[in-house]
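S.K.: I have a structure I would like to understand better, so I am pasting it below and will then ask my questions one at a time.
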Amino acid sequence: MAANSLASSAQLASSASQLDGVPHHLETSLVFAGSALAQAAGVLLRLPQEIIAQAIVIFARVWVGSEGASLKEHSAKHVSAACLYLAAKLSAHSRLPRAVLNVYAFLDALPPTSLFDDAAALDDPGPKAYYLTEGDYHARRSLMMKLEAIVLRILGFNTHVALPYTLCINYLQAVEAFAQPQGSAVAKRAFAHLNSSLMNPQRLYLTHQPHSLATAAIYLAAREVGLKLPGDEWWEVFDTDREELGFLVVAMISMGGFVEQEKRRWEKSRPPLTVDQLDRELERLGAMDDGE
Amino acid sequence: MAHGPSSSPASAGLNRKFHGCSSIKDYDVMDKLGEGTFGEVYKAKSRKTGATVALKKILMHNEKDGFPITALREIKLLKMLSHVNVLKLEEMAVERNKAAPGEGRKRAVLYMVTPYMDHDLSGLLDNHEVRMTVPQIKCYMLQLLEGLRYLHDSSILHRDMKAANLLINNRGILQIADFGLARHYDEPVPRKGKGGGEAHRDYTSLVVTRWYRPPELLLQLRRYTTAIDMWGAGCVFGEMFKRKPILTGNSDLNQIQIIFDLVGAPTEESMPGWRDLPGCDGVREFAPRRGSLAHVFNDQGREAVSLLYDLLRLDWRKRINAIDALEHPYFKTPPFPARPEDLPRFHDSHELDRRRGNKAAPPPAPAGGTVGMGPNGEWTGAGPPQSSGIWMNGPDRSGRGFQDRGPPGMSRVPGAGPSYDRGPPLPPGHRRAPWGGDGHRHGHGGPPPPESVRHPLPHAPHPPYGGGYGGDRDRGGRVTMGAKDTYVPRYSDGGRGREDRRSRERSLDRRSRSRDRQDWRGHPFQDDRAGGRRGSIQSDRSGNGRNGSHDERSERGGRSQEERDFYRDRRDHRYVDRDRRHTRSRSPDRERDYNSRRDRERELYRR
């Protein structure tokens, strides 16, 4: 199955978190941070990118719509762990709950900037900083299992996620990109765009089918690398019209600015990825509003 | 993010809490249909639609790994399938139980909801009141082949084809059920006139219930194809004439011998390459003989015998595929196939009903079967459960006991059956007798069943990727205990079926068949790509094209327009009305739960 279930406009128009009083910008920030966490943890768990990508898409789906999960109710960090665990379990690369929880504890011990850097390349904070006691482990594991069940219920047990990576290569072959010297550079660049689009605040994977994502990534990558693509309107061949292509390319380009902005925002403090932290952050924001 | 106009499919999103996942309270549970070691099946009525359904309980065996992976896989497969001859997974239902005293937090029990089917084929064949006419057999056979054609075309190997997994309702519809052993097929799908084709990768050979297991599997071919399901279809076909399974081997070796008795011993011509296969239990020589098939099925006519030959062909590359079988002259010569709606209706009777009415039924449990078992058939923990010759085949996955085929409709209710039987085994204390669902059924020893009673069915091997985490365990876990084919599952988590699961994920993604899809909340899924454009608004638009199911859902969901307006109001005010900011607005019960839940979670984080 090469297609995905997409979010309906009603689901995109509101979310449980917003109904619970979490401002939209904060929600965007937290979903981004939770996705980045899953990506970092997935790399540390040596999971293939396709599984990490599936986990991030599932994670993004969970928060969408008034019937989705609310950040005020479920901690983004723990839901992120549950999604990664679930995606791995469904694949041929399942990971033990302990491995997943250890990696999340490790990421917790890293400085806040770790979300935006390669977590593996940072200084090791030392085992004491991320040691999980047996009690902690059991508590977190049962929380993870509970969240797994909640995620499944929110998704209506539909765990299928179609990804654009294979299509992307197929399309590049179809336009004979690899016959040109820049071919593999374009492929790498296109994959990079597909990867970062996973965390795009416009939720591209929830609103667009893989074939369109692949087409847009190729278009953008070819522009950047300077690869010549066949004559006009080649994207039509891949079932993507100009309007959608334009929208996706703009969204993909905007990703860099978005990450910079997030980086500045969470330079000093950690994004409030648990319900507790979020409550405090909301109080702080409320106090700032009152002060004005 | 687009704030598209809220048209009908959009508002459907607000109607129910979780689409594709409802509460058990939406169902009136009526009867218990079947019961086994690994699951219970209930007949129930939907309060919303009035439809009769079957609820299959998913037992959480191993809480520490979360939701059972076998169940997740079956659900994932079923969600992608939509065909009139494949049992449909309607939704999942959740039952929330109060915590039992001393048990800590409460547990949710999950049910798979499938349409209620009145019979299974094996039960129907057992029912002496049911006469099978040739048009009826042709009708069932056509439906079976249609279902298989669809599955194979969707790159799914069923891997547990047998009469008991074919469900039939009183409208004459046959559906293939039980995808607990099914997996994605990584090879090119069968094409017209090309037989089963060839596979290029290894799969686990420990699949398919023995009596329906094709010769190439018995000879341990790992690169098998969709042809394995076709063999099973052939066995079912013959079974409909004989009203009992046609190849009832009591061990793998015996099984292959009687196969060769029926269709002839393999030669380089009839089964090219068979000498290169590992062989069956180390035996690689078989006395040359001619098959007796034409003689055995002499009464059924030339065309039937011809189709049987095609389905039971030793050479898996040449065995007829479903596409071609549907075109077989058998279906085009009189008497013509009946239409499903013209078939007679039969009384559905379930195993439990029969037991209630007739408690004195002879309990043909195997001799010596109770060794190590408690009075109710549970394992007392005094050593491993005993094997008892041909009657059992290791711990019974299905718990359906010595007699796997029951009275009509028994336990093989929709979605019933051994799908989740493959979950990790219960701890010893909870084990039931391998041949008995529960004690009073056939827990006590007794003579073997009389001739008239159907044979016990050997069981499909444990799944390659199942809860027992076999796969690599295949041979290791196999211990000979009297009977040749006794499996003792290993209870460790080690050695998952890696090779079998590899690329399952990836390959599922590759499939690009169009069929009814749903979004992950259960909305009909937009299929046409043209509709999938222009950002988020269009999901709305293309949803309109599929109004039918949306409307149905919104009617069922039943939240009034006022309510919906209320919610919309809430959203509009969310930044304006500070005081109400923290108000729970989606449903009243959420508010109640909220504080306690938050406290609980907070506690967890602090630790």
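Read-outs throughout are calculated quantities, based only on the coordinates presented, and are distinct from any laboratory measurement. Only a predicted model underlies this, so the values are computations on that prediction, with no experimental measurement involved. All Cβ positions, glycine included, derive from the backbone under ideal geometry; neighbour counts span all protein chains shown.
S.K.: Which far-off residues, 5 or more places away or on another chain, put their amide H under 5 Å from the one on B:VAL53, with H placed in the peptide plane?
M.R.: B:ALA44, B:LYS45, B:SER46, B:TYR116
S.K.: Which trypsin sites (Lys or Arg not before Pro) does the range B:102-179 hold that lie in a coil by DSSP with at most 12 other beta carbons within 10 Å? Intermediate results must be reported in sequence, preceding the final value.
M.R.: Details: sites: B:ARG105, B:LYS106, B:ARG107, B:ARG131, B:LYS138, B:ARG149, B:ARG159, B:LYS162, B:ARG171; in loops: B:ARG105, B:LYS106, B:ARG107, B:ARG131, B:ARG159, B:LYS162, B:ARG171.
Those that pass, being in a loop and sparsely packed, are B:ARG105, B:LYS106, B:ARG131, B:ARG171.
S.K.: Let me ask something additional. With n ≥ 4 as the cut-off for DSSP H runs, can you work out [θ] at 222 nm for chain A, using -39500 (n - 2.57) per run divided by the number of residues, rounded to the nearest 500?
M.R.: On the way: 15 runs with 187 residues, N = 292.
The per-residue figure over chain A is -20000 deg cm²/dmol.
S.K.: Ignoring the sites themselves, what is the longest stretch of chain A with no trypsin sites (Lys or Arg not before Pro) in a DSSP loop and at most 15 other beta-carbon atoms within 10 Å?
M.R.: Numbers: sites that count: A:ARG46, A:LYS228, A:LYS268.
In chain A, the maximal stretch lacking such sites is A:47-227.
S.K.: What does the charge count around B:GLU216 come to, taking other residues whose C-beta lies under 12 Å from its C-beta (Lys +1, Arg +1, Asp -1, Glu -1)?
M.R.: Values: positive: B:ARG213, B:ARG222, B:ARG223, B:ARG313, B:ARG317, B:LYS318, B:ARG319; negative: B:GLU198, B:ASP276, B:ASP315.
Spelling it out: positives minus negatives among the neighbours equals +4.
S.K.: Under the definition of partner shielding as Cβ atoms of other protein chains within 10 Å of a residue Cβ, what is the mean value for peptide A:202-209? Before the final figure, lay out each step's value.
M.R.: Numbers: counts 4, 2, 1, 0, 5, 9, 7, 5.
For peptide A:202-209, the averaged partner shielding equals 4.
S.K.: Considering only C-alpha atoms, what is the centroid distance from the range A:105-177 to the range A:9-75, in Å?
M.R.: Their Cα centres are 11 Å away from one another.
S.K.: Could you run the Karplus curve 6.51 cos²θ - 1.76 cosθ + 1.60 with θ = phi - 60° over the range A:128-143 and give me ³J(HN,Hα) per residue in whole Hz, x for Gly and Pro?
M.R.: Once rounded to whole Hz, the list reads 4, 5, 10, 5, 9, 5, 4, x, 4, 4, 5, 5, 6, 5, 5, 5.
S.K.: In addition: Across peptide A:87-98, how many C-beta atoms of other chains are within 10 Å of each residue C-beta, on average?
M.R.: On the way: counts 1, 0, 7, 8, 6, 12, 4, 6, 0, 3, 3, 1.
That average works out to 4.
S.K.: Taking the dipole about the Cα centre of chain A, with the C-beta of Lys and Arg at +1 and of Asp and Glu at -1, give me whichever of A:LEU204, A:THR133, A:THR215 is farthest to the positive side.
M.R.: So the residue we want is A:THR133.
S.K.: Which shape class, rounded, prolate or oblate, goes with the range A:9-161 when its Cα gyration tensor gives a ≥ b ≥ c as root eigenvalues, a/c under 1.5 marks rounded, and past that a/b bigger than b/c marks prolate? Show your work: numbers first, answer last.
M.R.: On the way: a/c = 1.64, a/b = 1.41, b/c = 1.16.
Prolate shape, in that a/c is at least 1.5 and a/b is the bigger ratio.
S.K.: Right, something else. In the range B:214-286, which GluC sites (Glu not before Pro) are in a loop and have at most 16 other Cβ atoms within 10 Å, using DSSP for the loop call?
M.R.: Numbers: sites: B:GLU216, B:GLU239, B:GLU268, B:GLU269, B:GLU285; in loops: B:GLU268, B:GLU269, B:GLU285.
The qualifying sites are B:GLU268, B:GLU269, B:GLU285.
S.K.: Averaged across A:144-153, how many Cβ atoms of other chains sit within 10 Å of each residue's Cβ atom? Display every interim value, and only then the final one.
M.R.: Values: counts 1, 6, 6, 2, 4, 7, 2, 1, 10, 9.
Going residue by residue through A:144-153 and averaging, the value is 5.
S.K.: Calculated FRET efficiency, A:GLN49 and B:ARG131, Cβ-Cβ r, R0 56 Å, to nearest 0.05?
M.R.: Working from the Cβ atoms, E equals 0.40.
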